[in-house]
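Let me begin by presenting the structure, written as structure tokens, before commenting on it.
The values are calculated or read from the model by the stated rules, or taken from the named source; none is laboratory data. This one's a predicted model, so the numbers in the text were calculated from it and none came from an experiment. Positions of Cβ are generated from backbone atoms using ideal geometry, with glycine treated the same way; all protein chains shown enter the neighbour counts.
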Amino acid sequence: MPTLLLASSSPYRRELLNRLRLPFECASPDIDESRLPGETAQALVSRLARQKAEALAGTHGAHLIIGSDQVAVLGDQVLGKPHCFEKAREQLLAASGRSVSFLTGLALLNSASGRCQVDVVAFTVHMRRLSQAQVEHYLHAEQPYDCAGSFKAEGLGVSLFQRTEGVDATSLVGLPLIRLVDMLLAEGVAVL
């Protein structure tokens, strides 16, 4: 089996990939993650997932390289990682009582053959109506400043949801495992 390489420094993605119980390595790709002018959210995450995998192909031959990227979309606005309390509060108050779509780009690159599978997995979170006090309490409790959409679905952030919809809840955390298993199978890697 080729060595699996997760092109990410994200502890959330690493934790998710551990669920598959396959040995893997991690390396952080060095790419510009800026959105291109006029680029849709779907095109952005697809491009970045592929670029993350491709960035490591030259130094990791005979690997299956996993690239992933995620954005949250509220209406026509792309929400990135807030990086601070004020921006996170702004994002959560804007999302209160509304639906936020999470688009996760996933790429699996076979660095030996050059074959690259790319997909985008969508997941929607319908948020509860939240007061400023609730939002601030949540932010102080969990400090999700490195998470698109300003919450951690795998933690207390789930209390912000009214309901969710999608085919793969792991995509909400940043690595759609159901789709990844399909891609691995296409490369001859059986998880079970």
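The rows are residues; the columns are (1) under 17 Å from Lys81 (Cα atoms); (2) more than 18 Å from the chain's Cα centre (by Cα); (3) small (Gly, Ala, Ser).
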| residue | (1), (2), (3) |
| --- | --- |
| Ser113 | no, yes, yes |
| Met127 | no, yes, no |
| Ser131 | no, yes, yes |
| Gln134 | no, yes, no |
| Leu139 | yes, yes, no |
| Pro144 | yes, no, no |
| Val158 | no, no, no |
| Gln162 | no, yes, no |
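Taking Val121 as the residue in question, decide whether it is under 23 Å from Gly105 (Cα atoms), at pLDDT 95 or above and touching a Pro at 6+ places or on another chain (Cβ under 8 Å). Yes: the conditions hold for Val121. Restricting the search to strands (runs of 3 or more DSSP E) fully inside the stretch 9-98 and requiring at least 2 residues that are buried (at least 20 other Cβ atoms within 10 Å of the Cβ) and within 17 Å of the chain's Cα centre (by Cα) gives 63-74.
Filtering Gln117, Gln134 for residues that are assigned to a strand (DSSP E or B), surrounded by 14 or more Cβ atoms within 10 Å (Cβ to Cβ) and on the phi < 0 side of the Ramachandran plot leaves a single hit, Gln117.
What is the residue count in the stretch 127-155 for residues that are within 21 Å of Gly174 (Cα to Cα) and in contact with a helix residue (DSSP H, G or I) (Cβ under 7 Å, 6 or more places away or on another chain)?
13
Restricting the stretch 60-78 to residues that are farther than 22 Å from Pro11 by Cα and among the β-branched types (Val, Ile, Thr) leaves a set whose member that is modelled with the lowest pLDDT is Val78.
Do the conditions hold for Asp146, that is, is it in a loop (DSSP other than H, G, I, E, B) and among the acidic types (Asp, Glu)?
Values: in a loop (DSSP other than H, G, I, E, B): yes; among the acidic types (Asp, Glu): yes.
Against the criterion (in a loop (DSSP other than H, G, I, E, B) and among the acidic types (Asp, Glu)), Asp146 qualifies.
Per-residue answers, yes or no, for (1) basic (Lys, Arg); (2) touching a residue at least 60 places away in the same chain (Cβ under 8 Å):
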position: Leu4; (1), (2): no, yes
position: Pro37; (1), (2): no, no
position: Val45; (1), (2): no, yes
position: Gly75; (1), (2): no, no
position: Lys81; (1), (2): yes, yes
position: Leu106; (1), (2): no, yes
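Can you say whether Arg179 is charged (D, E, K, R), at pLDDT 95 or above, out of contact with any Phe, Trp or Tyr (no Cβ under 9 Å at 6 or more places or on another chain) and not in a strand (DSSP E or B), as far as the supplied structure shows? In short, yes.
Just one of Ala7, Ala53, Ala27, Ala43 is of a type in the set (A, V, I, L, M) and either touching a Lys or Arg at 6+ places or on another chain (Cβ under 8 Å) or at pLDDT below 95 (or both); which is it? Even if it seems obvious, please write down each step before you answer.
Working: Ala53 fails: either touching a Lys or Arg at 6+ places or on another chain (Cβ under 8 Å) or at pLDDT below 95 (or both); Ala27 fails: either touching a Lys or Arg at 6+ places or on another chain (Cβ under 8 Å) or at pLDDT below 95 (or both); Ala43 fails: either touching a Lys or Arg at 6+ places or on another chain (Cβ under 8 Å) or at pLDDT below 95 (or both).
Checking each option against the conditions leaves just Ala7.
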